[in-house]
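Below is one structure, written out as structure tokens, with a few remarks after it.
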Amino acid sequence: MEQIILASGSPRRQDFFRLLGLPFICMPAMIDETPLQGLSPEAFACDLALRKVLAVKDKNPDAKWIFGADTIVVLDEKIYGKPENRDSGREMLKNLAGKRHKVITAMALYNNRNKKTDIRHKTSDVDMAPLSKAEIEWYLDTGEWQGAAGAYRLQEQGACLISSINGSPSGIAGLPLYDFYAMLRENGYNFPLPYGDEI
């Protein structure tokens with residue numbers, strides 16, 4: 001399999017790449033993640049993923065494959081990115097507690113063969129349970145909120161805060177695996193797992 005440049009510093013996405021056995025090198029793209037005016041949450045997430053790929057491509061023009069992704073949390077059309085500190089993490093959890101929100105993970109895949117970038121996104125609905133002040137402080141004490149969109153991680157102790165989901169569990173964790181797998185195959189990546197055969 002060909003090497004993919006992962007334009008993300010997310011340990012979770014690196015874990016997913018290892019899970020799939022994909023050869024990769026990690027080159028985090030340092031971009032401004034401030035929400036842009038006039039874009040829908042879906043368009044904003046896709047814009048972030050694309051800008052990550054383009055930032056890495058500028059420095060590695062001969063790379064065969066570059067993949068970027070970004071995950072955002074959305075409540076009432078307000079975008080919740082990564083909390084800057086414990087106080088902002090607390091405020092996010094207070095706002096999300098007892099409500100249904102959306103988690104959007106956007107993906108951008110650059111293919112040097114055709115010089116094109118495929119951009120997709122996956123949206124999941126997440127119900128967070130009502131949380132007491134003590135529960136919020138307990139979770140903040142875990143430190144999981146750091147670097148996590150919406151200030152929680154579904155794949156870790158943050159699962160204790162979530163009453164139900166409708167969508168992709170791996171997408172909420174940072175990479176919707178089925179959609180990612182389909183994206184690779186549809187763009188001609190030589191993935192060893194059979195794809196698209198009739199049963």
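The values are calculated or read from the model by the stated rules, or taken from the named source; none is laboratory data. Predicted model only: the values in this text are computed from it and were never measured. For neighbour counting, all protein chains shown are included, and Cβ atoms are generated from backbone atoms with ideal geometry for every residue, glycine included.
Take the residues in region 64-78 that are hydrophobic (A, V, I, L, M, F, W, C) and surrounded by 19 or more Cβ atoms within 10 Å (Cβ to Cβ); name whichever of them is modelled with the lowest pLDDT.
Residue satisfying both the conditions and the ranking: ILE72.
Cβ-Cβ distance below 8 Å, separation of 6 or more or different chains: which pairs start in region 160-179 with a residue that is surrounded by 17 or more Cβ atoms within 10 Å (Cβ to Cβ) and end on one that is outside any helix (DSSP H, G or I) and aromatic (Phe, Trp, Tyr)?
These pairs meet every condition: LEU161/TYR152.
Could you list all residues from region 92-118 that are more than 11 Å from TYR80 (Cβ to Cβ) and in contact with a Leu (Cβ under 6 Å, 6 or more places away or on another chain)?
Matches in region 92-118: ALA97, ALA108, ASP118.
Using the structure shown, decide if PRO61 is within 18 Å of ASN112 (Cα to Cα) and part of a loop (DSSP other than H, G, I, E, B).
Judged against the criteria, PRO61 is a match.
Could you tell me whether region 34-52 includes any residue that is under 27 Å from LEU193 (Cα atoms) and more than 13 Å from the chain's Cα centre (by Cα)?
No: region 34-52 contains no residue that is under 27 Å from LEU193 (Cα atoms) and more than 13 Å from the chain's Cα centre (by Cα).
Determine which member of the set ARG113, ARG18, ARG13, ARG120 is in contact (Cβ under 8 Å) with a residue 40 or more places away in the chain, closer than 23 Å to LEU193 by Cα and part of a helix (DSSP H, G or I).
Exactly one of ARG113, ARG18, ARG13, ARG120 is in contact (Cβ under 8 Å) with a residue 40 or more places away in the chain, closer than 23 Å to LEU193 by Cα and part of a helix (DSSP H, G or I), namely ARG13.
Give me the pairs: first residue in region 183-199 and within 16 Å of PRO23 (Cα to Cα), second residue assigned to a loop (DSSP other than H, G, I, E, B) and at pLDDT 85 or above, beta-carbon distance under 6 Å, and six or more apart or on different chains, which are they?
Once the first residue is within 16 Å of PRO23 (Cα to Cα) and sits in region 183-199, its partners that are assigned to a loop (DSSP other than H, G, I, E, B) and at pLDDT 85 or above give ASN190/MET1.
Yes or no: region 142-154 includes at least one residue that is of a type in the set (Lys, Arg) and surrounded by fewer than 15 Cβ atoms within 10 Å (Cβ to Cβ).
Checked against the condition, which is being of a type in the set (Lys, Arg) and surrounded by fewer than 15 Cβ atoms within 10 Å (Cβ to Cβ), region 142-154 yields no hits at all.
Please determine, by comparing only the residues of region 82-110 that are modelled with pLDDT of 95 or more and among the acidic types (Asp, Glu), which one is nearest to ASP179 (Cα to Cα).
Out of the qualifying residues, it is GLU91.
Can you name the residue in region 112-141 that is among the basic types (Lys, Arg) and surrounded by fewer than 17 Cβ atoms within 10 Å (Cβ to Cβ) and is also nearest to the chain's Cα centre (by Cα) among such residues?
Within region 112-141, the match that is nearest to the chain's Cα centre (by Cα) is LYS116.
Are any of the residues in region 12-27 touching a Gly at 6+ places or on another chain (Cβ under 7 Å), under 24 Å from ASN190 (Cβ atoms) and basic (Lys, Arg)?
yes
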